[in-house]
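Down below is the structure, laid out as structure tokens.
The values are calculated or read from the model by the stated rules, or taken from the named source; none is laboratory data. Please read these numbers as outputs of a predicted model, since none were measured by experiment. A quick note on method: Cβ atoms are made from the backbone with ideal geometry, for glycine too, and the neighbour counts reach across all protein chains shown. These area figures cover heavy atoms from the full protein model, side chains too; ligands, DNA and RNA do not enter into them. Shrake-Rupley method; radii C 1.70, N 1.55, O 1.52, S 1.80 Å.
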Amino acid sequence: MSYGPRPWQQTNWDWRAAANFMLGGTGAGLMIAAVFVQNPLPHAVLAAMLLIGGGLGTVWLEIGRKLRAIHVFFNPQTSWMTRESFAALLLFVLSSIALFLDSRQVLVAAALAALAFVYCQARILRAAKGIPAWRAPQVVALVMATALVEGSGLLMVMNPDLLVISLFTAAVIARAVAWSAYWTALKQAGSRTALETAGKALVQIGTIAPLALVLGAYFLPQAAALAGIAALLTGWRLKYVLVTRAALNQGFALPQLPVRGTR
Amino acid sequence: MTRWVMIADLRRCVGCQTCTAACRHSNATPPEVQWRRVLDMEVGEYPAVKRVFVPVGCMHCADPPCMHVCPSTATRKRADGIVTIDYDLCIGCSYCAVACPYQARYKTDVAEFAYGKAMPNEEIRHDEKRLGVATKCTFCSDRVDAGLAQGLKPGIDHEATPACVNSCIAQALQFGDLEDKQSNVSQLLAENQFFRMHEELGTEPGFYYLWDKKEVQA
């Protein structure tokens, strides 16, 4: 047992980085979900763009050299942050064209860009080798499922039609499975402690309650909106905690002790 | 080919932090930024407790995660294994800092001085380029390069050797070329048992810790 510096919370990324995962994930999920609506809603697409733009804006507030932000595009070969930026750029271009031309085909392409965007976000965390709670392979499915839940949940508030409710239900179940797999794989005690409450809320308020409310929506349509909001807020809370409070490094460890003197 | 690496002999390090001070002096790092740190670790349960001093910093990994994640290509690896940061390219996103398993990277957003306002020496050595960007140990690459240009041998000649190694009072820190089988570091690794920090992550650090002599074959 060694008592050196124990794992401690990283302080390089704060609420501004967390906001990118929260807003960006929701925006991307909304863009994807928007494709499933019979008559795509322009305000849903606009809201998705605003959310993603807002998330990227908060990250911009965090970087040290704001006027050099364009350099983020320099390393598509290996950096998921660069790839995320390209996906966002593509998403904005395609979404604007889809809105301008009122084209469903272009909207589908924008949704694919949104899918790529949220995948890049997930891989950003996965590639952070310094943070055990992020580098777990299961974080990819968790981040993607969470984004889809948040997006479809928000769309359900705007337009609670049957297709959106079905998508939301599937996404909520997928997120619960992804969370279960992630939680099982997460070994670091400090991260588990930090995530425990948010994880319980995700299961109880973000999964069980919304599924019950979705059933209730057959009788009371407003219940669907409530389900969407509950799922959205619990997802945001989980990601906020994951980035800001559960992101402990692994400290230092000595596999061997120095052998001093004569043996 | 050359592969510069550093060795810390855990049996020799006494935790005097002279390397930390030498690094700060040589590289003019601001307060609380220590590119070369020495951890003071207690190991074991009372009464069988050991105290171990562990120098840490950038491990100059052969497969550096900081370089892969860097969106601006500011972080690069030289042919001789030294991992560098281009302060003119870095945007200060800190992605490298969270990707580094060794907590070796720092970012200082505003100028900080030891006594609040800058002392004359701090005024002279203050570098605006280092604000708002990632910084870390460079293996004193400027000294290494300047020494090589003069025909000196890094790890042997002081003028070509990192400041922390030069300053070590116990010769616990050593620097040299891993590819040269006759070098000081190659000899030490051949004669001693060693490990690298968090080797399971596959980063292949260029920083080795000696902990015991090699068993002599009967």
For residue B:6, what residues show an amide H to amide H distance below 5 Å, using hydrogens built from the backbone and excluding near sequence neighbours? B:207, B:208
Log entry, pair A-B: total buried accessible area, probe 1.4 Å, protein chains only, in Å² rounded to 100, is 4200
At the level of C-alpha centres, the distance separating the stretch B:78-124 and the stretch A:72-150, in angstrom, is 29
Considering just Cα atoms, how many Å³ per residue does the convex hull of the protein assembly as shown enclose? 174
Where B:1, A:156, A:144 fall by accessible area, highest first, once all protein chains stay in place (1.4 Å): B:1, A:144, A:156
How large is ³J(HN,Hα) for each residue in the stretch B:189-194, as worked out from phi by the Karplus curve 6.51 cos²θ - 1.76 cosθ + 1.60 (θ = phi - 60°), to whole Hz, x for Gly and Pro? 5, 6, 9, 10, 8, 9
Carbon plus sulfur, as percent of the 1.4 Å-probe accessible area of the stretch A:1-119, comes to 71
Give me the one-decimal nm value for the distance between modelled label points at residue A:89 and residue A:70, 7 Å along each residue's Cα-to-Cβ direction. 1.1
Test of the criteria: in the stretch B:124-207, which trypsin sites (Lys or Arg not before Pro) are in a DSSP loop and have at most 14 other Cβ atoms within 10 angstrom of their Cβ? B:181
When the helices in chain B are scored as -39500 (n - 2.57) per DSSP H run of 4 or longer and the sum is shared across all residues, what 222 nm value do you end up with, to the nearest 500 deg cm²/dmol? -5500 deg cm²/dmol
Only counting protein heavy atoms at a 1.4 Å probe, give the residues of the stretch B:1-16, ordered by number, whose accessible area falls by 10 Å² or more when the other protein chains are present relative to the chain alone. B:10, B:11
If you count only protein heavy atoms with a 1.4 Å probe, what accessible area per residue comes out for chain B, rounded to a whole Å²? 45
Mind listing the long-range amide H neighbours of residue B:77? Cut-off is under 5 Å, sequence gap 5 or more, other chains count too, H placed in the peptide plane at 1.01 Å from N. B:84
For chain A, what is the relative contact order in percent, using Cα pairs closer than 8 Å and at least 6 residues apart in sequence? 27
Computing the accessible area with a 1.4 Å probe over protein heavy atoms, can you report the carbon and sulfur percentage for the stretch B:4-211? 52
Expected output for the stretch A:48-83, residues with a loss of 10 Å² or more in accessible area relative to the chain alone at probe 1.4 Å, reads A:62, A:63, A:64, A:65, A:68, A:71, A:72, A:74, A:75, A:78, A:79, A:81
Kindly express, to the nearest 10 degrees and within the range 0 to 90, the angle between helix B:18-27's C-alpha long axis and the longest C-alpha principal axis of chain B. 30
Heavy-atom accessible area per residue of the stretch A:71-134, all protein chains kept, 1.4 Å probe, expressed in Å², is 42
Using only Cα atoms, tell me the angle between helix A:138-158 and the longest principal axis of chain A; keep it within 0 to 90° and round to the nearest 10. 30
Can you return the lysines within cross-link range of residue B:50? Criterion is Cα-Cα under 20 Å, with same-chain partners fewer than 8 residues away left out. B:213
HN-Hα J in Hz across the stretch A:60-67 - Karplus 6.51, -1.76, 1.60, θ = phi - 60°, x for Gly and Pro: 4, 5, 8, 6, x, 10, 5, 6
